[in-house]
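Report on the following structure.
Every number in this text was worked out from the coordinates using simple rules, so none of it is lab data. Here the structure is a predicted model, which is why all the values come from computation and not from measurement. Here the Cβ positions follow ideal geometry from the backbone for every residue, glycine too, while neighbour counts run over all protein chains shown.
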2 protein chains.
Amino acid sequence: MSSVIDMVKERMETQEPFYSLEFFPPRTEDGTINLYSRIDRFATQPYPPLFVDITWSAGGVHKPGSPNPTPGIVKQVQEYCCLTTNMHLTCNTSTKAEIREILVKAKANNIRNILALRGDPPENKQKLTNDFKYAVDLVKFIRQEFGDYFCITVAGYPYGHPDCTHDADNLKHLKEKVDAGANMIISQLFFQAEDFLRWVEDCRAIGIQCPIIPGILPIQSYSSLRNITKMSSIGVPESLLKDVDPIKDDDAAIKEYGVKVGTEMCQKLISAGTPGLHFYTLNQEVVTMRIIRNLESFKRVRTIRELPWKRPPGIKRSREEVRPIYWSNRTKSYVARTEDWDDYPNGRWGDSSSPAYGDLTDYHIFLHTNRDKPEERRKMWGSPVTVSDVTNVFISFLKGKVKELPWITSEISPETHQILEELVDINRRGFWTINSQPAVNGKPSSDPVVGWGPKGGLVYQKAYLEFFTSPDKIDDLVNVLKSYGDRFNFQLTNLKGDYLTNVENALAVTWGIFPGKQVVQPTIVDPVSFKVWKDESFCLWIQKWGSIYEDGESKELIKSIYNNYYLVNIVDNNFTEEPKIFEALRKVTKEEK
Amino acid sequence: MSSVIDMVKERMETQEPFYSLEFFPPRTEDGTINLYSRIDRFATQPYPPLFVDITWSAGGVHKPGSPNPTPGIVKQVQEYCCLTTNMHLTCNTSTKAEIREILVKAKANNIRNILALRGDPPENKQKLTNDFKYAVDLVKFIRQEFGDYFCITVAGYPYGHPDCTHDADNLKHLKEKVDAGANMIISQLFFQAEDFLRWVEDCRAIGIQCPIIPGILPIQSYSSLRNITKMSSIGVPESLLKDVDPIKDDDAAIKEYGVKVGTEMCQKLISAGTPGLHFYTLNQEVVTMRIIRNLESFKRVRTIRELPWKRPPGIKRSREEVRPIYWSNRTKSYVARTEDWDDYPNGRWGDSSSPAYGDLTDYHIFLHTNRDKPEERRKMWGSPVTVSDVTNVFISFLKGKVKELPWITSEISPETHQILEELVDINRRGFWTINSQPAVNGKPSSDPVVGWGPKGGLVYQKAYLEFFTSPDKIDDLVNVLKSYGDRFNFQLTNLKGDYLTNVENALAVTWGIFPGKQVVQPTIVDPVSFKVWKDESFCLWIQKWGSIYEDGESKELIKSIYNNYYLVNIVDNNFTEEPKIFEALRKVTKEEK
């Protein structure tokens, strides 16, 4: 499933158009972190890309002597954004030994998709090697050395290759690349849908049979349009220039124009039966995102969750089927802290042989979020001086007025909306919720809100709630919970590590029953991971929240919460009747709703 | 859980009286197989024994030079009857090295309960060693060499030890054994409840605090009564002799008498607060069984199934939680054929590293059943000459008129009774059923028919049916099954190995959801085990059925069924609505019910 060609063919069979995105390695670390956030926004919207491309950072783009950043970015995008990634690779300045080394490492990092290119003529002091003259040599080399392991995509040039003046030769070279073992073609940019479609016909006429995907350059600014066409030696059509010239200094207008013509061209391509669209994003987001959202075809695509959470592509975690629920709003941190595990639990939590979590580092705390922008966080969360001020931040988050919390960086999920009113009520009572799920008693796996897994199945959940609360409520809370007999499993802990629980072993909180399959239980609650999660979640109070204030009341308030409050989670084992967690919490605060 | 003292203490806490049984090693192989069947009948009735004792076959009872049969019998009873077993061990003719070797082997075989005895004065050429003079020396040695691993029981003598004339010394010796590390006392036989109870008081008075269990000798025949009392030097009370003398030649009357006085004495003991009863069965069954069935207290005991099938006691299979459904009527064969596995699957089928089944041998085919009694089987199954004759055998089994089938040696289960009428109907239509379960959609784990597992849970099942049928029905059957879409998973195969299926991987057919636990899925259907089961189930046609006839029509008929018929199983994935398997089968035979 992480081979691009397999994924594309599956979409062609089901006639569900897809899109993919191309990004280039940023020059700075901050830029790279921003890029991950950007890709993640694409990945988490309702119509995520089928795959993304990361271009090859050939000589000169990255600092001489430092390692090429492309493979690292590909690995991160795969593991943390859970997107299958196509790594570009150029060959004209590399030896066979160098290319071999790159590919061996790629394979070890679960990278199995390569876009094979010749590369531009070298700048700086780099020299051409004679090992690879053309892209076709790289395709041959990959097939010869690595067999069928890699999915190979090659570039096609609807307007001809800049170094090749005969159209017939162009097509011949393209066919040679396919005959040498390429699985798919992505086209260079073009300006009219008709240009691409005519060229595809020419390709088919000389016997090229693999999928051919159009590469779309959304018009995002006047300068980028000029630059890219100059670089690729493609002349901008007169009609386009005539449209753009009058608004060339009005960025907003250019973008509007880009969305309009981009949407129209994409609609034409899809109507003509093109299986998918590949966007040259130039690391920008807005125009591409708007075009995608305009396209009706993507809206028809079912977004099936394989599991309630996303698994990174690749072999390493391919059998993983169980995770603790604690990190469900911080999956990247979970993936990072477990990446050294030898194997991942599938049937049951605890079957894994290496359940030790990686240390909590700054990297894990800030993973892919507004790293260096305390001012943004101050704007979101204000400067609380009382506990009610903090309560209001939690309530504002639930109401969509605050974009994120230290523990939750995404919008609240559709299933959370089902219990929103109850959540607001108990937050108001001083139970600051950071994770929850409603009970589900056998809904179809196709259910748009809580469904996951193959069709024809039934999914189940036990109600779950996790929150911070003040130490003075703990005694009453425990008494109320115990008064329900075995109904609730709960865990309570504070920074010091005081720990109160009736959870002895891992317990399943989400599971599914499917035709022809064993039971799948993708999320669990367990006492061992909870202690690890406790450290992470308390740390976030200070590192993401307390740290944004100068010394003073707000800093002291957050520090005092950090030092004294309890982290609590509760599972309602009765998933077939009305959940009682909220009722129990209302009893603790002694005023009925 | 397989430590006798832990089990006894648990029953004392819950105030649920138990009983245990004592057997001695038979002198012949046939006798041993009969003993297993006998123990198995106790084990599978509604009030099974808490544990059984196997006495030590000291010198002379077994053939000189051949290994002592006791440890082997203990192992078999534990593994195939799934009963925790207390192994007797005498020491007066053994060296420390010999005892150490016996105990090391016992430990390796998951035996962890020892009844430590001195032993009778040696007969034949055996000599007393000086390593162990009294039972207390053995208790000390076991504790010294094996720490707390073994649960040690010792014998107590309400009427005094034959070699010790002073009552006070008797109690002192008993207390020494307890002080040396014995966990429990089982008494020697006695004839009046009051004698035992008075003696227990004496034991308590000198500070013996461990559980003391009365050993009951049911009166089963005049000769055995005389022999046993002679051997143990205990005088039979006058009143008893007066009762028995007039009927001493009437076996049936003696047995009736034994049941009556045994029941009365047991009732007195239990009313007085005795935690359990230990029966000296003398390898007999009837009187003990009747006394047990008379005792109201046992009827009150909940019989909780930990899982839908029984796991042998001991460490080896302690984590086992998943089995294929095929062997559910032949669990002993399953246990035998998997006993070499390195580990047993728990969370999921297929996680086990060694899924290879042991070869099918005669031993597996006949395991614990009427091994050498073809005449009994001929009486049960008659001499069929037509296919309908065979159909009638299957129907007679369902109706309780035939006691067993080659594939099923126990009575049909309570849950099968729920679908009995449907089963009879489809057997009449030529689908000879050998295994089935109804669908269950979340019944309490305490349900008396389908419940299993800890309290507060819900259990689920997919409807399952397995049968033999003639080859002419196969095409229609497949078409009908496929007409239901993904609803059914099915496997069809014949002796030659033609195989038709839509089962790709293991699929769960029984599972349970419990408070504070992960999902448990104790039975599955899978394609790999099915092929192994197919060989076993076809083999049973010939070995258990065809083989009982001389050459002729009946033998030819069974052989032809063996050669041509199909073994089929069907899972109905829809467990929340009315099952459709029977409806589908009726469609195949084209006449609606």
Seminar exercise, completed: The distance between the Cα centres of region A:268-286 and region A:1-39, in whole Å, is 12
Problem set entry | Extreme residue, positive dipole direction of the protein assembly as shown, given options B:Trp511, A:Asn110, B:Val236 (C-beta unit charges) | A:Asn110
Seminar exercise, completed: Here the gain from full extension of A:Ser547 to A:Leu128, 0.36 nm per residue of separation minus their alpha-carbon distance, amounts to 145.8 nm
For this session: Please state the charge dipole magnitude for the protein assembly as shown, taken about the Cα centre, from unit charges on C-beta atoms (+1 on K and R, -1 on D and E), reported in debye and rounded to the nearest 20.
Result: 200
Exercise. Relative to the first principal axis of the alpha-carbon coordinates of chain A, what is the inclination of helix A:251-271, with its axis defined by its Cα atoms, in degrees from 0 to 90 and to the nearest 10?
Worked result: 80
Exercise. Assigning unit charges at the beta carbon (Lys, Arg +1; Asp, Glu -1) and nothing else, what dipole magnitude in debye, to the nearest 20, does region B:4-300 show about its Cα centre?
Worked result: 500
For this session: Past 27 Å, Cα to Cα, is the threshold; run A:Lys260/A:Lys379; B:Lys379/B:Lys555; B:Lys403/B:Lys587 against it and keep the listed order.
Result: A:Lys260/A:Lys379; B:Lys403/B:Lys587
Exercise. Residue-wise, which Karplus ³J(HN,Hα) couplings in Hz belong to region B:465-471, taking 6.51 cos²θ - 1.76 cosθ + 1.60, θ = phi - 60°, and x for glycine or proline?
Worked result: 9, 9, 7, 9, 8, 6, x
Seminar exercise, completed: Expressed as a whole number, the average count of other chain Cβ atoms within 10 Å around the Cβ atoms of A:518-524 is 6
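Ignoring the sites themselves, what is the longest stretch of chain A with no GluC sites (Glu not before Pro) in a DSSP loop and at most 11 other beta-carbon atoms within 10 Å?
Formally, the longest exposed-site-free interval is A:124-503.
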Problem set entry | Label-point separation in nm, A:Thr44 to A:Ser221, each point 7 Å along Cα→Cβ | 2.6
Exercise. Once you put a point 7 Å from the Cα of B:His166 and another 7 Å from the Cα of A:Asp486, both along the Cβ direction, what distance in nm separates them?
Worked result: 5.4
Seminar exercise, completed: Within chain A, the percent of DSSP beta bridges that are antiparallel, given to the nearest 5, stands at 55
For this session: Tell me the distances, shortest first, between A:Ile206 and the same position across the other copies, using label points 7 Å along Cα→Cβ, in nm to one decimal.
Result: 10.8
Exercise. Taking Cα atoms, how many degrees apart are the long axis of helix B:135-146 and the longest axis of chain B, rounded to 10 and kept between 0 and 90?
Worked result: 50
For this session: Straight distance only, please: which lysines reach the Cα of A:Lys127 with their own Cα at less than 16 Å, same-chain residues fewer than 8 apart left out?
Result: A:Lys96
Exercise. So, in Å, what gap is there between the alpha-carbon centers of region A:380-422 and region B:372-435?
Worked result: 66
Exercise. So how tilted is helix B:193-205 from the main axis of chain B? Cα-based, degrees 0 to 90, rounded to 10.
Worked result: 70
For this session: Give A:Lys373/A:Lys401; A:Lys299/A:Lys517; B:Lys534/B:Lys580 a once-over and call out the pairs whose C-alpha atoms are over 21 Å from each other.
Result: A:Lys299/A:Lys517; B:Lys534/B:Lys580
Exercise. Roughly how big is chain A's charge dipole about its Cα centre, with Cβ charges of +1 (Lys, Arg) and -1 (Asp, Glu), in debye to the nearest 20?
Worked result: 400
Seminar exercise, completed: Given Cβ charges of +1 for Lys and Arg and -1 for Asp and Glu, the option among A:Trp432, A:Val322, B:Leu360 whose Cα lies farthest towards the positive end of the dipole of the protein assembly as shown is B:Leu360
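Out of the trypsin sites (Lys or Arg not before Pro) in region A:121-227, which ones are loop residues according to DSSP with at most 13 other C-beta atoms within 10 Å?
A:Lys125, A:Lys127, A:Lys133
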Exercise. Between region A:529-564 and region B:542-593, how many Å separate their Cα centres?
Worked result: 68
Problem set entry | Within-10-Å neighbourhood charge of B:Asp476 [Cβ basis; K, R +1; D, E -1] | +1
For this session: Could you check the simple spin-label distance between A:Lys268 and A:Lys531, using points 7 Å along Cα→Cβ, in nm with one decimal?
Result: 6.5
Exercise. Summing -39500 (n - 2.57) over the DSSP H runs of n ≥ 4 in chain B and dividing by its residue number, what mean residue ellipticity at 222 nm do you reach, to the nearest 500 deg cm²/dmol?
Worked result: -11500 deg cm²/dmol
Problem set entry | Within region A:481-573, trypsin sites (Lys or Arg not before Pro) in DSSP loop having at most 16 other beta-carbon neighbours inside 10 Å | A:Lys496
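Just subtract the alpha-carbon distance of B:Ser239 and B:Asn441 from 0.36 nm times their residue separation and send over the number in nm, one decimal.
66.8 nm
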For this session: Calculate, for B:Thr361 and B:Glu176, the FRET efficiency according to 1/(1 + (r/R0)^6) with r their C-beta to C-beta distance and R0 56 Å; round to the nearest 0.05.
Result: 0.70
Seminar exercise, completed: Over the Cα atoms of the protein assembly as shown the radius of gyration and the largest Cα-Cα distance (Dmax), both in Å, equal 38.2, 128
